[in-house]
Each structure stands twice: as C-alpha cells, then as structure tokens.
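J.: Sharing a structure here in structure tokens format.
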Amino acid sequence: MQNLYDPKAIEARVQTRWNESGSFNVTEDPSKEKYYCLSMLPYPSGKLHMGHVRNYTIGDVVSRYQRMLGKQVMQPMGWDAFGMPAENAAIANKSAPAAWTYANIDNMRDQLKALGFAYDWDREVTTCQPDYYRWEQWLFTRMIKSGLAYRKKALVNWDPVDQTVLANEQVIDGCGWRSGAPVERREIDQWFIRITDYAEQLLDDLDGVEWPEQVKTMQRNWIGRSEGLTFRFAVNDRDQQLEVYTTRPDTLMGATYVGIAPQHPLALEMAANNPALKTFLHECSQMKTAEADMAKADKKGMDTGLTVAHPISGEPLPIWVANFVLIEYGSGAVMAVPAHDERDYEFATQYALPIKAVVEPIEADPDYNINLRPWTLKSGRLINSGDFDGLNFKDAFTAIAEALAGNGKGEVTVNYRLRDWGVGRQRYWGCPVPVIHKADGSIEAVAEDQLPVVLPEYTEFDASGSPLKKDQNFIQTVDSDGNPAERDTDTFDTFMESSWYFARYACPDADAMLDGRAKYWLPVDLYVGGIEHAILHLLYARFYHKIMRDEGLVDCDEPFKRLLTQGMVLAKSFYRTQANGGKVWFNPTDVEAITDNDGKVNGYRLIADGEPVIEGGVTKMSKSKNNGIDPQSTIDAWGADTVRLYTMFAAPPEQTLEWSDDGVAGAQRFIRRLWNAVHADFEPGNGVDADLRRKAHETLQKVSHDLGERLNFNTAIASIMELTNAIIAHTGSQAARDEAISMALRMLSPFVPHATQAMWESTGQAGLIIDAEWPELDHSALVRDTVEMVVQVNGKVRAKMQMPVGVDKDSAEKAALAEHNVAKFLDGLTLRKVIVVPGRLVNLVAN
C-alpha cells in the first residue's frame, strides 16, 4: 500500500471498484426502511458549474450517510433536456437541438461520475426521449377527458418574425429578445390545466411538509388565498352588469370609478365606434403584462362614457379603461377606491377623478392625509359611509356583505391569486401536445395506442420559428374515424417534464407511467435544490403529484417530505473599463494578487500581461461576469474529494459560499493530515485512552445529529477535524487509536468517499467502507470523571481547571484560589464574594 496521497490515482481506482460491484444500484426491499434522496435534475448545458457541485454533493453526503445507517437508499440522476436554450445554442452553433443536447448529456454525465456521486445510473431518465414523455402525453389525454385540461383564448406576447409566443422576460423594450421585431399582444388558443381546482389542497398540505418556512410563505403568497366579496355593478342604461371582487369591502362606499381591462368585452365594444379608444387599446396591447412590470408602468386610461350604479348608494360611477387592470385576473374589472389604494390613487390624480376617504385611523396619525397619499391600512374606522360609519374593518366587512346579499348584488367568496397553468408553447424543442384537430374544427386527444406523438429530431435548425409548423409529415394525420386531420404543433411548457420526473425514477423501465415501485419509494425523503425554484417548479410538481395520486399512481399527498435549499456560490470578479465605458471581465483564475513585503494585498493584475485589473466585488458566479470556477479544472488540480470537502465545509448549506482557493488548499491539507496519521508508525504509550474514546464518541454524537437532523455539514466536518487532532496527539494504546481512526474514516466517508476507502483498506479492512455500518455510540465512553471549570476574577477569565465531577463549592473555591494566575490578580485586593456555578464557573469578586 502506497503511503503518498495521490488523489487522481486513488479516485480512479475506487470508482472502478464501485462500478464493477454495482455499488449504487438499488432495488425495492420491503424489509428495510427506504430513503429516497433527490437533487434537482440539471439542464444539460454541457458543463457543470459550482452550483451543481454544491447541490449534488449535499445530496450525496446525505445518501451515503443514510446508507450506512442500514437503509435502502435511492439516489438517481437524469436530465431536464427540453427547452429554449437548446434551440438558441443550435442556432448559435449551427447544429440541431437534439445533437447538442445529447452531446452535453454525455459530457456532464462524465463530470458527475468524476465527482464520485453515488447515483444509480440504471435509473437515469432523459426528458426529451419518447419513452419518458409519452407518459406525460398519456396523462394529459386523461386530463382532457376529465376536463382538467382545456383550451381557451389567451393574450400572449407574439413575435411576428420568430412566429412564437414570448415570456414577459423575453420582451426587451417592446421587441423580441432574439428577432428584435416589435412584439404584438395577440389573443390565441392556448392549452391550460386547472391547477386552481387544487388550490385549497396545495395550500393546506404545506402544513405537512418539512420545508423552510420562507419557501412555504412564498408558495402561500403565490397561491394567494383571500376571503372577500364578489358583487355586481349594474351598467346604467344597459341590461348588463360588471362583476368585481374585493378584499376590502369596507372601502366600498369610497369607490369613485370602475376600471376595466383593455381586453374587456365592454372596452372592445365601445372602441368599435370610438377611434381614440381603439388607438388606446392598441397601445395597451404593446405593453408587458407581468405584475412587476405593470406596477412600475405609468397608469393610463380612457373614459368609456358609460357609468354604473353604486350597488348601495346608487350613485353613478364612470367606467374607465385602465392599463393596470388585467383581463387574466378575476373578471377583468375592479372597483377603484383612490383614497385607500395606491394604484387607484395614482390613476385618479392623473385624470382628476374624485377621491373620497371612507376610512380614518382610530388614533391620530401624522401619515393620514388623503390629499397627499392614500390610507391603505385595514386598521381604522369607517367615515362618510352612511349607516356603516364607525365600524372597524371586520364589522364593516360583515355588514356590507349582508347588505349586498340582502338585495342579491353580492356574496362572500374565497378567491385565489393562483391562475390556471398555461402549458402550451409555440416552440419546437419540447414534448408535442397529444391532440388532433379534426376537419370540423373539433379536437380529440390522441388515442393511447397511438402514443407517443414523437417529436422529429431534425438535423438542421434555424431562427425562422418552429419547424413543426412547416413539417407536413408531422402535421398530417387521421382522426379516430380515419378522416384527414392535423396534429397540434404546440409543445408543452418544460415545467411539465420536471413536474413528475421524481416519480419516474422509481420505475424508469415501467410499461406504464408508474407502477407499484413508485408507491414504495415515494415520497422523496429529502429534496435538494436552489431557492429560485421555490415557487413554480415546486408548485407544479406538487400539483402534478396530486393528479397522479387521483389517478391511483401514487398513494401519498405530497412528493417531497423534506426540502433543503442551498445557497449560491460566490466568487470575486475582476474587470477593466474600455474606452466606450463598457467592461471586460476576467476569470479569477487568470488574475493574481499584488502584495507588498508583508503579504498585504494592494491590488490585482492579469497574469497574461501583468497589467492591473479592478476588483468588482464578490458576486454570484455567472457567465456575464466571467467569474465561474470550472469544476473540472479544480478536480484535475485538487481531486474530487477535496472539492467535495471544501464545498461542504466552507459554509452552512443554506448560506452563500464564497469561493476561496486558500480554502480549497486547506481542505486538501486536512485530508493529507488524516492520511498521514493513518499511515504513520505509532508507538503505544502510557496516555489515557478514555480521553480519546470520549472525544471519538462525542464526535460521533455530534456528527450523527448534524447529518441526520440539522443537515449542517460544516460543523460535522469541523468535529471530525478536531477528532483527527486528538488521534495525532494520542499517546495511549493502539486499540483506542484504531477505534478512533475507524470511527473517523466512517464519519468522513460521506464527504470524502475515495480517500477514506483507500485509508480503510490500509487499516486492514477488505470490504468497501460504503458497506460498513455507521459507528455505534457508546454512551459509557461519554461519561467524564472530571469537568473543566472557568475561574474569573471580577468577571475576567484568569484560569481554567479540571475538577472532579460533582465537586462541592468549598473545594472548587479552594482550588481556584490555589491557581497561580488567579493569585496574581488577587494580590493586594480584598476578596469580597465568591460565586460558584457547579461544574462550570468560579467567579471571585474583589477590590
């Protein structure tokens, strides 16, 4: 056995041994407790980044720990392979999305294997392959038949050049981000799934999962349950009503106008004979409609000339078309109360509309000035509200709701901010929507025996829109009666694939969407991923899981029992400013520090030319600032174990991690330190074995708690480092040292699986350390004969002393006074008081 630590050779040898023995392939075993550990699957961009490394190392550490506890552990990996990045890369590289995607998968799979992750590669899924997406097509056809999936017209951002729908973030200054063409707001047929039918379940079931409270709050806010009042304004001189919903019925008497969306049927009707209004509606169609954009946009509107009757007072209120009212939300109409809503206030002041205060603070408040700003708080009492004057929010809610219910104009309702999930995309690289358009205009789902509808993997691809729309071989088909028909050329939102992949891992070879193995493995016991997925991905996956439950495919309500959201990886950034004011960014690996004789950093320079660069601060690793650290080059330089150990030790998992080359070097120094200790010649001596045994079992107790309960990996590693120091300093028996080394190696192996295997073998163990049992805690080893007590003089620590457990007050005081350093600080003073905290502290008060 070699005594030199050679990471490259060791890691290659150990990985070969794992592969030959199929170490991480797992099957269902009802006699064992299962543990399903899952990290969010990556998009196959071609190269891992350090965020991937951190995410997947967390999952791997937990998986290996749970395995050593004797559980049946599944840890799979796959590829979220559809989506626009592949189309964009294909255009840029003059390739095809499929070829680009599969090549990237092969490269990233090799990188993951190099890091030694304990994945069951037999369970690998690739979402762009027909054997995967056929089953989401199958489920979608079931949703169509049950009415859960439906098609309706919806407003979208339309790029007339690329002939595709754009997300709001793809519209830049009113133009398509890729084509540069002015974007149009079009109403086209879109596919939706009724996620709103599950809103209450999605909200209530959050109480049963072990997720960060921050994530639960984000989901609750997105679902947005509210109890309010739905009521109707009668349109004057017409047999027509406008329905609105409000959570502030207490302000109803302060409504001074009604706002309707530019796409509201009433707005379109009035624009037919009003050129100015028609022009205004067209201008509104060019606006972004994301809520964040709407909040920042100038409030604009136009009077329709129509009025409604206030449902209680009968007062006529004008109907205005307002650009801040969205047709997608509620009925596309709102009651406007400028005195108590900032958006309504901004609009009213711009168009000189009345502002009527109907709520005032109960106690004097200097911020209450309706002439300067709206009062938006619910706390207050009603004024200028007739019979409702003096009521607080709760009582006014009830009284106004009863008044409207009494005349049939309103009722209390529960509403949700959540809207149905639009799943259709007018793009190519995605799962085809399994629908046929018949000659008579009707729609039918593709028959089960005709699935999958396979996406053609074209060998050429350009920027001229989806090739599916031009491929008659794909489009032309027959319906269930054998008559000519056309396939739908939309593809699914890629959230569809990532909403059920976790279940397919359980049975990737099933000739069905899922089989009984899914019920064995689900729910996922620990799900690891970035907090940026806290809303949409997690919400859609929870929704999809409930649909599968209702189909009888799974038997639990939630897919992910526990969630860990890891922090971002940060690094320093460096740049130079160009003559035109732009910045050129340099990778940190191409920059070196300029230091003085004392080692103080005075600046940085580019290694290539020796010229200075400017430090741009510590930021998230990104392509835009060229400050990403390549995991592969780091593995090549330091070894996978070092990279794994550093990413787990540098910061708690939920916090950001600032990359440090010195920290990486420090991680390897520790591995070498333990390696040298294991291989060192040891001469037994007369030291106390109990001290090392106690340290080993105290470490085991802490590491077990950190890995199993707290998921705090940095503190676990710190404890193992302390144990290593104790092993090196040990002067007692060989047996105590061997026990401590065995425990240290097993505790460290989830973090450093290759080197610990090599060290395990060098201690005479023939098997794989991953098959070893987690050390067993010996409570008797934790028992101490002595305890360390701190001695203070006037509150300042002057000595520490070892005392017998249970020492009495007088003995502790006597021993404290006998300490040389204590006596020095008492010299010339009169002892006034002695405070003894048993087993912890002696404080001597003197003057």
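J.: Give the residue that is farthest from residue 554 (Cα to Cα), with candidates limited to residues of the range 449-507 that are without any contact (Cβ under 8 Å) to a residue 40 or more places away in the chain and among the acidic types (Asp, Glu).
T.: The selected residue is 471.
J.: If residue 236 meets every condition in (1) in contact with a Ser or Thr (Cβ under 9 Å, 6 or more places away or on another chain); (2) at pLDDT below 95; (3) over 27 Å from residue 536 (Cα atoms) apart from one, which number is that one?
T.: Residue 236 satisfies all of (1) in contact with a Ser or Thr (Cβ under 9 Å, 6 or more places away or on another chain); (2) at pLDDT below 95; (3) over 27 Å from residue 536 (Cα atoms) except (2).
J.: Can you pull out every residue in the range 1-40 that is of a type in the set (Lys, Arg) and under 21 Å from residue 507 (Cα atoms)?
T.: From the range 1-40, those of a type in the set (Lys, Arg) are 8, 13, 17, 32, 34; that's our starting set.
Correct list: 32, 34.
J.: Separate question: Considering only residues that are acidic (Asp, Glu) and touching a Cys at 6+ places or on another chain (Cβ under 7 Å), which ones fall in the range 118-164?
T.: 136
J.: Looking only at the range 679-702, count how many residues are in contact with a helix residue (DSSP H, G or I) (Cβ under 8 Å, 6 or more places away or on another chain) and either assigned to a helix (DSSP H, G or I) or under 12 Å from residue 726 (Cβ atoms) (or both).
T.: So the count comes out to 15.
J.: Still on this model: In the range 616-633, what count of residues is obtained for those that are surrounded by 15 or more Cβ atoms within 10 Å (Cβ to Cβ) and either assigned by TED's automatic domain parsing to the domain that holds residue 49 or more than 26 Å from the chain's Cα centre (by Cα) (or both)?
T.: The qualifying residues number 1.
Yes or no, residue by residue, for (1) in contact with a strand residue (DSSP E or B) (Cβ under 6 Å, 6 or more places away or on another chain); (2) surrounded by fewer than 21 Cβ atoms within 10 Å (Cβ to Cβ); (3) touching a residue at least 12 places away in the same chain (Cβ under 8 Å); (4) within 14 Å of residue 423 (Cα to Cα):
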{"site": "117", "(1), (2), (3), (4)": "no, no, yes, no"}
{"site": "132", "(1), (2), (3), (4)": "yes, no, yes, no"}
{"site": "204", "(1), (2), (3), (4)": "no, yes, no, no"}
{"site": "213", "(1), (2), (3), (4)": "no, yes, no, no"}
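The rows are residues; the columns are (1) at pLDDT below 95; (2) under 28 Å from residue 206 (Cα atoms); (3) loosely packed, with under 15 Cβ neighbours inside 10 Å; (4) assigned by TED's automatic domain parsing to the domain that holds residue 55.
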{"residue": "535", "(1), (2), (3), (4)": "yes, yes, no, yes"}
{"residue": "539", "(1), (2), (3), (4)": "no, yes, no, yes"}
{"residue": "544", "(1), (2), (3), (4)": "no, yes, no, yes"}
{"residue": "562", "(1), (2), (3), (4)": "no, yes, no, yes"}
{"residue": "575", "(1), (2), (3), (4)": "no, no, no, no"}
{"residue": "579", "(1), (2), (3), (4)": "yes, no, yes, no"}
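J.: If you don't mind, another one. Based on what the data block shows, is residue 652 in contact with a helix residue (DSSP H, G or I) (Cβ under 6 Å, 6 or more places away or on another chain), assigned to a loop (DSSP other than H, G, I, E, B), farther than 23 Å from residue 775 by Cβ and in contact (Cβ under 8 Å) with a residue 12 or more places away in the chain? Walk me through how you get there before you give the answer.
T.: On the way: in contact with a helix residue (DSSP H, G or I) (Cβ under 6 Å, 6 or more places away or on another chain): yes; assigned to a loop (DSSP other than H, G, I, E, B): yes; farther than 23 Å from residue 775 by Cβ: yes; in contact (Cβ under 8 Å) with a residue 12 or more places away in the chain: yes.
Taking the combined requirement at face value, the residue satisfies it.
J.: Out of the range 340-361, which residues are among the hydroxyl-bearing types (Ser, Thr, Tyr) and within 25 Å of residue 396 (Cα to Cα)?
T.: Selection gives 345 alone.
J.: I'd like the full set of residues that are acidic (Asp, Glu) and without any contact (Cβ under 8 Å) to a residue 60 or more places away in the chain, limited to the range 384-418. Don't jump to the end; show me each part of the working.
T.: Of all residues in the range 384-418, those acidic (Asp, Glu) come to 387, 389, 395, 402, 411.
Matches in the range 384-418: 387, 389, 395, 402.
J.: Output the strands (runs of 3 or more DSSP E) that fall wholly within the range 554-601 and possess 1 or more residues being hydroxyl-bearing (Ser, Thr, Tyr), or say none.
T.: 563-566, 569-577, 591-595
J.: In the range 744-765, how many are buried (at least 24 other Cβ atoms within 10 Å of the Cβ) and under 19 Å from residue 701 (Cα atoms)?
T.: Result for the range 744-765: 7.
J.: Which numbered condition trips up residue 407, out of (1) within 20 Å of residue 224 (Cβ to Cβ); (2) surrounded by fewer than 21 Cβ atoms within 10 Å (Cβ to Cβ)?
T.: In the conditions (1) within 20 Å of residue 224 (Cβ to Cβ); (2) surrounded by fewer than 21 Cβ atoms within 10 Å (Cβ to Cβ), residue 407 misses (1) alone.
J.: Looking only at the range 661-678, filter to residues that are of a type in the set (A, V, I, L, M) and in contact with a helix residue (DSSP H, G or I) (Cβ under 7 Å, 6 or more places away or on another chain); which one of those is surrounded by the most Cβ atoms within 10 Å (Cβ to Cβ)?
T.: Narrowing the range 661-678 to residues of a type in the set (A, V, I, L, M): 664-665, 667, 671, 674, 677-678.
Next, from what is left, pick out any that are in contact with a helix residue (DSSP H, G or I) (Cβ under 7 Å, 6 or more places away or on another chain): 664, 667, 671, 674, 677-678.
Working: 664: 20, 667: 26, 671: 24, 674: 24, 677: 19, 678: 21.
Among them, the one singled out is 667.
J.: May I ask you to verify whether residue 381 is surrounded by 15 or more Cβ atoms within 10 Å (Cβ to Cβ), basic (Lys, Arg), free of Cβ contacts under 8 Å to residues at least 40 places away in the same chain and farther than 24 Å from residue 183 by Cβ?
T.: yes
J.: Take residues that are assigned by TED's automatic domain parsing to the domain that holds residue 628 and within 27 Å of the chain's Cα centre (by Cα) and tell me which of the helices (runs of 4 or more DSSP H) falling wholly in the range 48-156 contain 3 or more.
T.: Working: elements: 50-68, 84-93, 97-114, 130-146.
The helices (runs of 4 or more DSSP H) meeting that bar number zero.
J.: Inside the range 57-66, can you point out the residues that are in contact with a strand residue (DSSP E or B) (Cβ under 7 Å, 6 or more places away or on another chain) and buried (at least 24 other Cβ atoms within 10 Å of the Cβ)? If you could, list the steps in order and put the result at the bottom.
T.: Of the range 57-66, the ones in contact with a strand residue (DSSP E or B) (Cβ under 7 Å, 6 or more places away or on another chain) are 58-59, 62-63, 66.
Selection gives 59, 62, 63, 66.
J.: Just one of 87, 11 is crowded, with 20+ Cβ neighbours inside 10 Å, at pLDDT below 95 and of a type in the set (D, E, K, R); which is it? Even if it seems obvious, please write down each step before you answer.
T.: Values: 11 fails: at pLDDT below 95.
Just one listed residue meets the conditions, 87.
J.: Next question. Looking at residue 734, is it assigned by TED's automatic domain parsing to the domain that holds residue 757, out of contact with any helix residue (DSSP H, G or I) (no Cβ under 6 Å at 6 or more places or on another chain) and surrounded by fewer than 18 Cβ atoms within 10 Å (Cβ to Cβ)?
T.: Yes; evaluated as a whole, the condition is true for this residue.
J.: Shifting gears a bit: Quick check: anything in the range 168-187 in a loop (DSSP other than H, G, I, E, B), hydrophobic (A, V, I, L, M, F, W, C), without any contact (Cβ under 8 Å) to a residue 40 or more places away in the chain and surrounded by 15 or more Cβ atoms within 10 Å (Cβ to Cβ)?
T.: First, the residues of the range 168-187 that are in a loop (DSSP other than H, G, I, E, B): 173-174, 177-181, 183.
The next check asks that each one be hydrophobic (A, V, I, L, M, F, W, C); those that pass are 177, 181, 183.
Those still in the list that are without any contact (Cβ under 8 Å) to a residue 40 or more places away in the chain too: 177, 181.
In the following step, the residues that additionally are surrounded by 15 or more Cβ atoms within 10 Å (Cβ to Cβ) were identified as 177.
Yes, the range 168-187 contains at least one residue that is in a loop (DSSP other than H, G, I, E, B), hydrophobic (A, V, I, L, M, F, W, C), without any contact (Cβ under 8 Å) to a residue 40 or more places away in the chain and surrounded by 15 or more Cβ atoms within 10 Å (Cβ to Cβ).
J.: Does the range 416-433 include one or more residues that are closer than 30 Å to residue 339 by Cα and in contact with a strand residue (DSSP E or B) (Cβ under 8 Å, 6 or more places away or on another chain)? Break it down into steps so the answer makes sense when it comes.
T.: Of the residues in the range 416-433, the ones closer than 30 Å to residue 339 by Cα are 416-419.
Among the residues that remain, those that are also in contact with a strand residue (DSSP E or B) (Cβ under 8 Å, 6 or more places away or on another chain) are: 416-417.
The answer is yes; a qualifying residue exists.
Each row is one residue, and each column tells you yes or no for (1) within 25 Å of residue 762 (Cβ to Cβ); (2) among the polar types (S, T, N, Q); (3) at pLDDT 95 or above.
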| position | (1), (2), (3) |
| --- | --- |
| 660 | no, yes, no |
| 671 | yes, no, yes |
| 676 | yes, yes, yes |
| 679 | yes, no, yes |
| 702 | no, no, yes |
| 712 | no, yes, yes |
| 717 | yes, no, yes |
| 720 | yes, no, yes |
| 726 | yes, no, yes |
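J.: How do the strands (runs of 3 or more DSSP E) wholly within the range 442-503 filter down when requiring 2 or more residues that are among the polar types (S, T, N, Q) and either out of contact with any helix residue (DSSP H, G or I) (no Cβ under 8 Å at 6 or more places or on another chain) or farther than 20 Å from residue 425 by Cα (or both): which remain? Lay out the reasoning, then the answer.
T.: Working: elements: 443-445, 476-478, 484-487.
In the range 442-503, 476-478 are the strands (runs of 3 or more DSSP E) which contain 2 or more residues that are among the polar types (S, T, N, Q) and either out of contact with any helix residue (DSSP H, G or I) (no Cβ under 8 Å at 6 or more places or on another chain) or farther than 20 Å from residue 425 by Cα (or both).
J.: Condition first: surrounded by fewer than 16 Cβ atoms within 10 Å (Cβ to Cβ) and either assigned to a helix (DSSP H, G or I) or within 42 Å of the chain's Cα centre (by Cα) (or both). Now tell me which residues in the range 223-252 satisfy that.
T.: Once the filter is applied, which keeps residues that are surrounded by fewer than 16 Cβ atoms within 10 Å (Cβ to Cβ) and either assigned to a helix (DSSP H, G or I) or within 42 Å of the chain's Cα centre (by Cα) (or both), the range 223-252 yields 224, 226, 227, 243, 247.
The values are calculated or read from the model by the stated rules, or taken from the named source; none is laboratory data. Computed from a predicted structure; not experimentally measured. Ideal geometry is used to build each Cβ from the backbone, glycine not excepted, and the neighbour counts take in all protein chains shown.
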